[in-house]
Amino acid sequence: MSTEVRTRFAPSPTGYLHVGGARTALFNWLYAKHHGGTFVLRVEDTDESRNTETARSAIFEGMEWLG
């Protein structure tokens with residue numbers, strides 16, 4: 001069993017990244033960084049009827065803005 005810390009943020013691309021999602025991503029990134037681990041961004045694609053390319057792009061742009 002691996003003891004490496006690995007956190008993730010998995011938004012669904014059905015709308016823009018909001019402050020709650022940004023906060024969750026930031027906390028997960030900080031936890032991984034503090035413990036020498038890895039942070040993973042995984043965009044959920046299970047809701048095909050509501051997923052949009054605009055929302056997917058907005059998530060990536062928001063994450064880039066966060067750093």
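The values are calculated or read from the model by the stated rules, or taken from the named source; none is laboratory data. The model shown is predicted, which means the values in this text are computed figures rather than measured ones. Don't worry about glycine lacking a Cβ; one is built from the backbone with ideal geometry, like all the others, and counts go over all protein chains shown.
General remarks:
- Residues of segment 36-58 classified as under 24 Å from V5 (Cα atoms) and touching a Ser or Thr at 6+ places or on another chain (Cβ under 9 Å), total: 6
- The listed residues are L66, L26, L17, and the only one of them that is surrounded by 13 or more Cβ atoms within 10 Å (Cβ to Cβ), at pLDDT below 90, within 15 Å of the chain's Cα centre (by Cα) and of a type in the set (A, V, I, L, M) turns out to be L17.
- Selected residue [on the phi < 0 side of the Ramachandran plot and in contact (Cβ under 8 Å) with a residue 40 or more places away in the chain] from A10, A55: A55
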